[in-house]
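Novice: This is the structure I have questions about; it appears just below.
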Amino acid sequence: MIFSGGDPQIRTYEKGIFRQVLDSRGTLVLVEVFSQGTADAPELCFTIRPGDALSEQGRTAVSGIISSMFYINEDISPFYHEMHNDPIMASLIRQLPGVKIPITATLFEALVDSVIEQQISLKAAHSIEKRLIRATGRTLEVHHQNYYGYPTPDMLAETSDRTFRACGLTRRKGEYIRGISRDILSGSLDLENFRTYTDTEAIIRELTKVRGVGR
């Protein structure tokens, strides 16, 4: 699992349970995702803590976030069809049927992470990301334990150079992240709108207009 060995106060996978703080329309909750099914009859379950933090509508929203993160509703059979004649990929598919790559909870997190991860090792980038979340994100207390949620655009829009530097970011990358956050707040950058695009090149053309984002 990609999150094995992660920060237990931010996001981790341990003993068959994936844990992460998610933001459901402004309310932070700790979700625990685990499997109760089999390979032939998969069933993914989750719990929310605190249990009374969300309405039924909020729980539905969290379910949607989890489904997106784990590609629950994505049909990967077209990919399998395309890779049928590739000996390496076909072998991997036979060994790992149904495996999908998990993604971030939000497009904003994905974009900020991509800026952080530029031109450095993933190990170093992940350490920086954890420090940034702890330094700027909101805190959720569950059973006397603090957990940290990913910072929102309004939080990072006002983060100082000093804080970015303390987290391990260069001044330039801090400027990029602050700029992206402010563009989102002003409405000049609408990441959610990209979900409606069907042309990957069109998304690339739009994103590469953003300072700090290259092809």
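Novice: When you go through (1) farther than 28 Å from Leu44 by Cβ; (2) surrounded by fewer than 16 Cβ atoms within 10 Å (Cβ to Cβ) one by one for Ala157, which number turns out not to apply?
Specialist: (2)
Novice: Pull up the range 135-149, narrow it to residues that are assigned to a loop (DSSP other than H, G, I, E, B) and touching a residue at least 12 places away in the same chain (Cβ under 8 Å), then point me to the one that is farthest from Asp161 (Cα to Cα). So that I can check it myself, show each step before the final result.
Specialist: Here is the first cut: in the range 135-149, the residues assigned to a loop (DSSP other than H, G, I, E, B) are 137-138, 143-144, 149.
Of the ones still in play, those that are also touching a residue at least 12 places away in the same chain (Cβ under 8 Å) are 137-138, 143, 149.
Numbers: Gly137: 16, Arg138: 19, His143: 34, Gly149: 21 Å.
Only one residue fits best here, namely His143.
Novice: Additional query: Restricting attention to the range 174-203, report how many residues are in a helix (DSSP H, G or I), over 19 Å from the mean Cα position of the chain (by Cα) and of a type in the set (D, E, K, R).
Specialist: Counting residues in the range 174-203 that are in a helix (DSSP H, G or I), over 19 Å from the mean Cα position of the chain (by Cα) and of a type in the set (D, E, K, R) gives 4.
Novice: Go over the candidates Ile72, Ile120, Ile101 one by one and state the one that is among the hydrophobic types (A, V, I, L, M, F, W, C), in the same structural domain as Phe34 (by TED's automatic domain parsing) and part of a loop (DSSP other than H, G, I, E, B).
Specialist: Residue meeting the stated conditions: Ile72.
Novice: Examine the range 52-64 for a residue that is surrounded by 14 or more Cβ atoms within 10 Å (Cβ to Cβ), outside the structural domain of Thr139 (by TED's automatic domain parsing), touching an Asp or Glu at 6+ places or on another chain (Cβ under 9 Å) and without any contact (Cβ under 8 Å) to a residue 24 or more places away in the chain, and state whether such a residue exists.
Specialist: Among the residues of the range 52-64, not one is surrounded by 14 or more Cβ atoms within 10 Å (Cβ to Cβ), outside the structural domain of Thr139 (by TED's automatic domain parsing), touching an Asp or Glu at 6+ places or on another chain (Cβ under 9 Å) and without any contact (Cβ under 8 Å) to a residue 24 or more places away in the chain, which makes the answer no.
The values are calculated or read from the model by the stated rules, or taken from the named source; none is laboratory data. Keep in mind it's a predicted model, so treat the numbers as computed, not measured. Methodologically, a virtual Cβ is constructed for each residue, glycine included, from the backbone with ideal geometry; neighbour enumeration extends over all protein chains shown.
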